[in-house]
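The values are calculated or read from the model by the stated rules, or taken from the named source; none is laboratory data. Small disclaimer: the values here were computed from a predicted structure and weren't measured. We place every Cβ from the backbone using ideal geometry, glycine too, and count neighbours over all the protein chains shown.
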Amino acid sequence: MKSIIIATKNKGKAKEFEQLFKKYGFKVQTLLDVQNAPDIEETGSTFEENAVIKAEAIAKAADTYVVADDSGLVIDALDGRPGIYSARYAGTDKDDDANIDKVLDELEGVSKENRTGRFYCALALAGPGIETMTVYGTCEGYILFERRGDGGFGYDPIFYVPSEKKTMAEMTPERKNELSHRAAAMNKLEPLIADL
Ligand SMILES: O=c1[nH]c(=O)c2ncn([C@@H]3O[C@H](COP(=O)(O)OP(=O)(O)OP(=O)(O)O)[C@@H](O)[C@H]3O)c2[nH]1
Ligand SMILES: [Mg+2]
């Protein structure tokens, strides 16, 4: 079986990628499987730049094919925030619950129809003998007034997908992996990883 490293320390992403890559016949390793994996500073100003930074840092160290994901929630009424700062919106300790509270506070008084937003996912593929490539995917939805469901990770409990009439935290993992921003980006990556 072919194998690939996903340059992430996020458990929620790791689980989703294990499933997503299974159908392409890849065994997935993440930085959670590697002892003393470095913390890579995300110094870029776009999702794509950050994905490239993470993928290239690990590909250089491991000399193998690496995919990195930089993703986040873009809310129209907040001028695109939290955006690339989604993981660290309420502080550096990556506290999902505190991040949700901060978003809900900032959206106080914003009506249902003005609570539009999307998840954005940039994926970068780097490795020996290839030029680093990026693809992206999005998933449109609304920010609810309170949490619903306990699946997924991050902002999933407040992200409502109208076509499903569910938050991402109320969907099965399988369903989330069919319609998420990550799944959309993976579909675009598919032809690029087919020949690895
Ligand atoms: O509800 C959510 N469902 C998702 O499907 C999702 N995808 C991304 N996000 C949010 O955006 C941050 C990414 O930031 P990020 O790309 O820097 O990742 P991270 O720092 O968590 O891990 P790493 O991959 O960098 O190691 C995450 O922490 C989450 O807050 C999501 N929230
Ligand atoms: Mg990160």
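Remarks
- Any hit, region 28-46, residues being within 16 Å of L189 (Cα to Cα), outside any strand (DSSP E or B) and away from ligand 2 (no atom under 12 Å from the Cβ): no
- Screening K23, K60, K11 for residues that are modelled with pLDDT of 95 or more and either within 12 Å of ligand 2 (Cβ to nearest atom) or surrounded by fewer than 18 Cβ atoms within 10 Å (Cβ to Cβ) (or both) leaves exactly one candidate, K11.
- Candidates are the residues of region 114-136 that are within 12 Å of ligand 1 (Cβ to nearest atom) and buried (at least 22 other Cβ atoms within 10 Å of the Cβ); the one that is nearest to the chain's Cα centre (by Cα) is C121.
- Among the residues making up region 99-113, those that are in a helix (DSSP H, G or I), surrounded by 13 or more Cβ atoms within 10 Å (Cβ to Cβ) and in contact (Cβ under 8 Å) with a residue 24 or more places away in the chain are N99, I100, V103, L104, E106.
- Taken across region 63-74, residues that are away from ligand 2 (no atom under 14 Å from the Cβ) and surrounded by fewer than 17 Cβ atoms within 10 Å (Cβ to Cβ) do occur, with at least one present.
- Residue check for M186: touching a residue at least 60 places away in the same chain (Cβ under 8 Å) and under 21 Å from L123 (Cβ atoms): yes
- The number of residues in region 8-40 that are over 13 Å from I58 (Cβ atoms), under 17 Å from the mean Cα position of the chain (by Cα) and not hydrophobic (A, V, I, L, M, F, W, C) comes to 8.
- Region 131-155, residues that are in contact (Cβ under 8 Å) with a residue 60 or more places away in the chain and at negative phi: T132, T134, Y136, I143, F153, Y155
- G91 meets the conditions (1) within 16 Å of ligand 2 (Cβ to nearest atom); (2) at pLDDT 95 or above in every case but one. The failed one is (2).
- The residues of region 57-98 that are within 19 Å of R147 (Cβ to Cβ), small (G, A, S) and part of a strand (DSSP E or B) amount to a single one, G72.
- Considering each residue of region 159-166 in turn, at least one proves to be modelled with pLDDT of 95 or more and at positive phi.
- Restricting region 1-27 to residues that are assigned to a loop (DSSP other than H, G, I, E, B) and touching a residue at least 12 places away in the same chain (Cβ under 8 Å), the residue that is farthest from H181 (Cα to Cα): M1
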